Amino acid sequence: MLEKDIEKILVTKEQIRTRCEELGKELTAEYQDKNPLVVGVLKGAVPFMADIVREMDCYLEIDFMDVSSYGNALVSSGEVKIVKDLDTNVEGRDMLIVEDIIDSGRTLAYLVDLFKYRKAKSVKIVTLLDKPEGRVVDIEADYIGFDVPNEFVVGYGLDYIEQYRNLPYVGVLKPSVYQS
Ligand code: 5GP
Ligand code: MG
Ligand code: MG
């Protein structure tokens, strides 16, 4: 039913699964004996977070943070504010931030600075998608699922006005969807 709104698929369900398995192996090696705090950025990172932590064979804890920078618009407003903070004290912790996509980089730059200010021991980033052309702030993820072109994408957590997060793949919407 949702597929009628999709112009093209950029990353398939199978590609996502395979990449999660690969990243999970790397993260398992990195975080053996570190009991990392894995922080999902709400709401877009939820499907990726659920898949990636199940590929990590080590002790870990999870928490969530909700920050807003986009609202319901297609372009970034440039400011970041905390909507929901962590429940966990991060001092001395090895942290892994899980994101859906890095575009301007503002959200992640803000979170990395915040966690360092709160005295985290280490802060790394795993993102499902990277849009290198959108970058405004100088920040890179440590682990990247896929690069995507500078287009607005939806699915596997990513929304357009809160819809399409439940698509099992990542794609681009038909122009007609934006007109209705
Ligand atoms: P940044 O702060 O890096 O500019 O943007 C980060 C957030 O903007 C992402 O976590 C995501 O929620 C949203 N975003 C950036 N690009 C896209 C996109 O192509 N599609 C959707 N649905 N959200 C995006
Ligand atoms: Mg996000
Ligand atoms: Mg959004």
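Assorted remarks:
- Cα centroid of segment 82-155 to Cα centroid of segment 28-52, whole Å: 12
- Cross-link table Lys25/Lys84; Lys81/Lys174; Lys8/Lys43; Lys25/Lys131; Lys34/Lys124, entries beyond 19 Å C-alpha to C-alpha: Lys25/Lys84; Lys81/Lys174; Lys8/Lys43; Lys25/Lys131
- Comparing Asp147, Asp85, Asp100 in a Gaussian network model of the chain (Cα springs below 10 Å), the most mobile by mean-square fluctuation is Asp85.
- Helix-only CD estimate at 222 nm, as mean residue ellipticity for the chain, using -39500 (n - 2.57) per DSSP H run (n ≥ 4): -7500 deg cm²/dmol
- Three semi-axes describe the equivalent ellipsoid of the chain; taken as square roots of 5 times the Cα gyration tensor eigenvalues and ordered largest first, they are 27, 19, 13 Å.
- Among the trypsin sites (Lys or Arg not before Pro) in segment 1-96, those placed in a DSSP loop whose Cβ has at most 11 other Cβ atoms within 10 Å are Arg54.
- Length available on full extension from Asp113 to Met1: 0.36 nm per residue minus the Cα-Cα distance, which gives 36.2 nm.
- Average Cα contact separation per residue, the chain, under 8 Å, 6 or more apart, as relative contact order %: 25
Computed from the coordinates by the stated procedures, all read-outs in this text should not be read as laboratory data. As the structure is a computational prediction, the values presented were derived from the model and not from experiment. Note that we place each Cβ from the backbone using ideal geometry, even for glycine, and neighbour counts take in every protein chain shown.
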